[in-house]
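Structure first, then comments.
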Amino acid sequence: MTPRIAKRTQGFPVTVFAEFSALAVQHGAVNLGQGFPDYDGPEEVKEAACRAIRDGVNQYAVSSGSERLRKAIALHEERFYGTTIDPATMISVTSGGTEACFDSIMGLVDPGDEVILFEPYYDSYAANIELAGAVPRYVLLRPPDAAHPDTWWFDEGELRAAFNDKTRLIIVNSPQNPTGKLYTRAEMELIAELCQRYDVIALADEVYEHLIFGAQRHVRLSSIPGMAERTVTVASAGKSFGFTGWKIGWIVAPPPLRKAVQQVHQFVTFSTAAPLLEAVATGLGLPDAYFQKLAGDLQAKRDLALAALRQAGLSPMLPYGTYFIMADIRGTGFTDDYEFCRFLTREVGVAAIPPSAFYGEEHKAHGRSMARFAFCKKDSTLKEAAARLAKLPEALRTRR
Ligand code: GLN
């Protein structure tokens, strides 16, 4: 007889990332699924981690993160956004952006409260809302169309209708995984107006802040008038330095909100890997040129991936940030994204993520006509993927 387990976990699937990374390994596919670079971040940051271990920084860090890292985070906020952050009362360091989001939702939301999130969303948000006993309210992001060329957009009326007296939190992920959307200032101002009218807190997941292309500059939601007091901003060393396996993220928030998040963090992981905190502090001190090159190199990879997807007969949508591309797969004859992504992984040798995993039940159909490709890969990996993708039209013909 199997012992009884908690009901709250029973509806959870194995994450789509774990499923498709395993499938990629099984079939020797080039993994453009789960978003992680197949190259390392800066040498001096790696060296700083090794040095910290050798120097004996090997016991529990302070729960909210080492003082050196919190100071480095505050300096980074000042350098890039011109804001003054008190390292003692406005920062908590977590095991990745994913823990930061979990702690924030658990710390800020009561059972029965409503949380607004835009679909498609990063999958852990919905699971976190469920664990908190809260109720998700979805607002659909719509793909580019004639009236909104090249940008995902939402209907203002739908967003307004999602807010009500039960709304406690809205999650805004900009640049957005999986669409690559950057919320415009006008969109952020609308969100700010509604947050203030309904006394709602914003969880601004901005982990892709340094992964933005062209002349665009990242806008922090917390910088919109009225939002500094009601925004928890999430950032990530995994994304900004290319060390996703280190699992170092953090939040920046006004003291009362940060305290609520910290209360959860102290009982979830207490603190995170001490030597890596020192290394991330070194990373945050790298010159502007590092961050510019990070975005510039990634833009070139984006363009390689866009060309490969077009050549394969898919219709990729231009991302403005992140390292993801959504592509329309309707031209392939597939009507289900999971079936397409499994076919692509097995028969073509390229793994991608089916985005219906990023929609609530009601809107899943919107994700079925697309696939998400990660392009944070070596040029040689992208070229191999391009060569394999070039065989997609032939693979589709033999399938029919
Ligand atoms: N953020 C990564 C992605 O979207 C995956 C993180 C994970 O595997 N949990 O691909």
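The values are calculated or read from the model by the stated rules, or taken from the named source; none is laboratory data. In this text, all values refer to a predicted model and were calculated from it rather than measured experimentally. Cβ sites come from the backbone with ideal geometry, for glycine too, and all protein chains shown count toward neighbours. We work out accessible area using only protein heavy atoms, side chains counted, and drop any ligands, DNA or RNA first. Shrake-Rupley method; radii C 1.70, N 1.55, O 1.52, S 1.80 Å.
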Name the residue, out of THR84, THR89, THR98, that is within 16 Å of the ligand (Cβ to nearest atom), open to solvent by 30 Å² or more (accessible area, probe 1.4 Å) and either assigned to a loop (DSSP other than H, G, I, E, B) or in contact with a helix residue (DSSP H, G or I) (Cβ under 8 Å, 6 or more places away or on another chain) (or both). THR98
Pairs under 7 Å by beta carbon, first residue touching a residue at least 24 places away in the same chain (Cβ under 8 Å) in the stretch 1-24, partner of a type in the set (Ser, Thr, Tyr), six or more apart or different chains? PHE20/THR345; LEU23/THR345; ALA24/THR345
Out of everything in the stretch 1-23 that is open to solvent by 100 Å² or more (accessible area, probe 1.4 Å) and among the charged types (D, E, K, R), what residue ends up being farthest from ALA351 (Cα to Cα)? ARG4
Does ASP150 satisfy being within 18 Å of the chain's Cα centre (by Cα), more than 24 Å from MET227 (Cβ to Cβ) and of a type in the set (D, E, K, R)? no
Restricting to the stretch 258-292, what's the tally of residues that are open to solvent by 40 Å² or more (accessible area, probe 1.4 Å) and more than 20 Å from GLU47 (Cα to Cα)? 8
Is one or more of the residues making up the stretch 102-112 of a type outside the set (Asp, Glu) and within 15 Å of the ligand (Cβ to nearest atom)? yes
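Let's see how each residue does on (1) open to solvent by less than 10 Å² (accessible area, probe 1.4 Å); (2) under 13 Å from ALA295 (Cα atoms):
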{"residue": "THR179", "(1), (2)": "yes, no"}
{"residue": "ALA186", "(1), (2)": "no, no"}
{"residue": "GLU193", "(1), (2)": "no, no"}
{"residue": "GLN196", "(1), (2)": "no, no"}
{"residue": "VAL200", "(1), (2)": "yes, no"}
{"residue": "LEU203", "(1), (2)": "yes, no"}
{"residue": "GLY214", "(1), (2)": "no, yes"}
Mind counting the residues in the stretch 161-183 that are within 15 Å of the ligand (Cβ to nearest atom) and without any contact (Cβ under 8 Å) to a residue 40 or more places away in the chain? 0
Confirm whether PHE118 is within 16 Å of the ligand (Cβ to nearest atom), at pLDDT 95 or above and either surrounded by fewer than 20 Cβ atoms within 10 Å (Cβ to Cβ) or in a strand (DSSP E or B) (or both). yes
Can you tell me which residues in the stretch 15-65 are assigned to a loop (DSSP other than H, G, I, E, B) and among the aromatic types (Phe, Trp, Tyr)? PHE36, TYR39, TYR60
Hey, does the stretch 11-31 have a residue that's more than 16 Å from the ligand (Cβ to nearest atom) and within 24 Å of the chain's Cα centre (by Cα)? yes
Conditions (1) open to solvent by less than 50 Å² (accessible area, probe 1.4 Å); (2) at pLDDT 95 or above; (3) under 27 Å from CYS376 (Cα atoms) -> LYS247 fails only (1)
Just checking, does the stretch 123-136 include any residue being part of a strand (DSSP E or B), within 16 Å of the ligand (Cβ to nearest atom) and in contact with a Gly (Cβ under 9 Å, 6 or more places away or on another chain)? no
Find the residue count for the stretch 363-388, including only residues that are under 13 Å from PHE340 (Cα atoms) and either in contact (Cβ under 8 Å) with a residue 40 or more places away in the chain or out of contact with any helix residue (DSSP H, G or I) (no Cβ under 9 Å at 6 or more places or on another chain) (or both). 6
Among (1) out of contact with any Leu (no Cβ under 9 Å at 6 or more places or on another chain); (2) within 28 Å of THR381 (Cα to Cα); (3) surrounded by fewer than 18 Cβ atoms within 10 Å (Cβ to Cβ) - the single one GLU44 does not satisfy: (1)
Taking strands (runs of 3 or more DSSP E) that fall entirely within the stretch 301-400, which contain at least 2 residues that are of a type outside the set (Asp, Glu), within 16 Å of the ligand (Cβ to nearest atom) and surrounded by 20 or more Cβ atoms within 10 Å (Cβ to Cβ)? 324-328, 370-374
The stretch 199-230, residues that are assigned to a loop (DSSP other than H, G, I, E, B) and of a type in the set (D, E, K, R): ASP199, GLU206, GLU209, ARG217, ARG220
